[in-house]
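Every number in this text was worked out from the coordinates using simple rules, so none of it is lab data. Keep in mind that this is a model prediction, so the values were computed, not measured. Heads up, the Cβs are rebuilt from the backbone with ideal geometry, glycines too, and the neighbour counts pull from every protein chain shown.
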């Protein structure tokens with residue numbers, strides 16, 4: 001049986017997620033509001049990356065994900081952390097939307113990449129020149145991510161942006177571990193090819 005990594009203590013100092021879930025399952029609705037407040041930022045950030053920076057769409061999908069989680073909370077058994085479970089629901093909501101809509105071609109180039117472009121730039125660049133180069137790198141990275149398939153981009157988001165293990169990513173994405181590794185390998189190869197101009 002797969003076991004989840006121990007959840008870190010809540011940053012808000014409140015009760016652990018597992019305790020809140022138990023309260024909700026006993027009929028305490030206010031406990032679910034705490035879970036939503038605690039995790040909505042991370043869920044929206046995940047969906048913004050999957051939606052190529054479309055914040056309005058990401059917010060709509062996040063709302064739908066939390067509604068679905070509310071309806072399915074009696075199915076939560078604690079074999080994964082609540083955050084991992086809600087991410088899986090959010091990813092499934094994204095997939096359902098992607099199957100019914102044409103992919104968005106526009107890209108919000110001002111969206112933060114999740115990486116620190118300044119760590120990639122030469123130390124000699126400074127001031128406006130450095131800021132311009134950082135913005136250009138961020139935009140190029142977003143364009144490169146947008147060219148990945150949905151499955152490849154989702155694997156990159158889970159393992160690199162969210163720092164999940166391959167096993168956790170497989171759980172969230174609902175696919176075998178080997179498939180996650182294959183998506184990552186293809187995605188990294190494509191990103192390397194598209195970002196070669198930024199190599200030292």
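A simple packing score, the average count of other Cβ atoms within 10 Å per residue, orders the peptides 173-180, 139-146 as 139-146, 173-180, with the highest score first.
Sorting the Cα pairs of the stretch 10-106 by distance into bins of 5 Å, from 0 upward, gives 2, 13, 25, 23, 16, 11, 6, 3, 1 percent per bin.
Overall shape: prolate for the stretch 10-58, with the ratio a/c of the largest to smallest alpha carbon gyration tensor axis at 1.5 or above and a/b above b/c. The P(r) of the stretch 27-81 has a tail past 13 Å containing 64 percent of all C-alpha pairs.
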